[in-house]
1. For the charge dipole of the chain, defined by +1 on Lys and Arg C-beta atoms and -1 on Asp and Glu C-beta atoms about the Cα centroid, which residue among LEU53, GLY9, LEU41 has the Cα displaced farthest towards the positive pole?
2. Which value, in Å² rounded to 10, gives the accessible area of GLU25 with a 1.4 Å probe and all protein chains present?
3. How far is helix 20-33 tilted off the main Cα axis of the chain, in degrees rounded to 10, range 0 to 90?
4. Quick one: which of 62-69, 78-85 comes out on top by average Cβ neighbours within 10 Å, and what's the full order, highest first?
5. Using DSSP to define loop residues, name the chymotrypsin sites (Phe, Trp or Tyr not before Pro) in segment 1-72 whose beta-carbon has at most 15 other beta-carbon atoms within 10 Å.
6. Quick one: plug the Kirkwood hydrodynamic radius of the chain (C-alpha pairs) into Stokes-Einstein at 10 °C, 1.306 mPa s, and report D in µm²/s.
7. Treat each spin label as a single point 7 Å out from the Cα along the C-beta direction, and report the ARG84 to THR12 distance in nm.
8. Over the chain, with every protein chain in place, what whole percent of the accessible area is carbon and sulfur at 1.4 Å, could you tell me?
Amino acid sequence: MRFRRTGEGTMTVDLHGMYLADAQELLLNWLDHAAPEITELRVIHGSNQGTVLKELVRSGLKHHRIAAVLPTLNPGETWVLLKRR
C-alpha cells in the first residue's frame, strides 16, 4: 500500500518506482480526497535514481490544500503541510 497513516494528522506515501505522470495523478487525487484532519504528508520519493519525482513534489505539485513544501535533511523525502478544510 502506498499510503499509510503514521500519526495523528500525518500520512506517508512512497512513490518509489512510479512514473512522473502516475505519481502526479496519485498525489493530486489523494489531495482531493484527503480527510480534513490530515495536516501533514510525508512523501518518500527517493534520490538515488534521479530527481524527477523530487522535483515534482518540491516545485511542480500545485493544489489548493498545500500550505507549504518542506525539504528535509534526507534528500529522498519531502514534507508537505496541508491546510485544514
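1. After comparing all options, I get GLY9.
2. My reading of the accessible area for GLU25 is about 130 Å².
3. 10
4. 78-85, 62-69
5. TYR19
6. 125
7. Those two pseudo-labels are separated by 2.6 nm.
8. Of the solvent-accessible surface of the chain, carbon and sulfur hold 53 percent.
The values are calculated or read from the model by the stated rules, or taken from the named source; none is laboratory data. This is a predicted model, so every value here is computed, not measured. Note: ideal-geometry Cβ built from the backbone for every residue, glycine included; neighbour counts use all protein chains shown. Remember, those area values only see protein heavy atoms, side chains included, never the ligands or the DNA or RNA. Shrake-Rupley method; radii C 1.70, N 1.55, O 1.52, S 1.80 Å.
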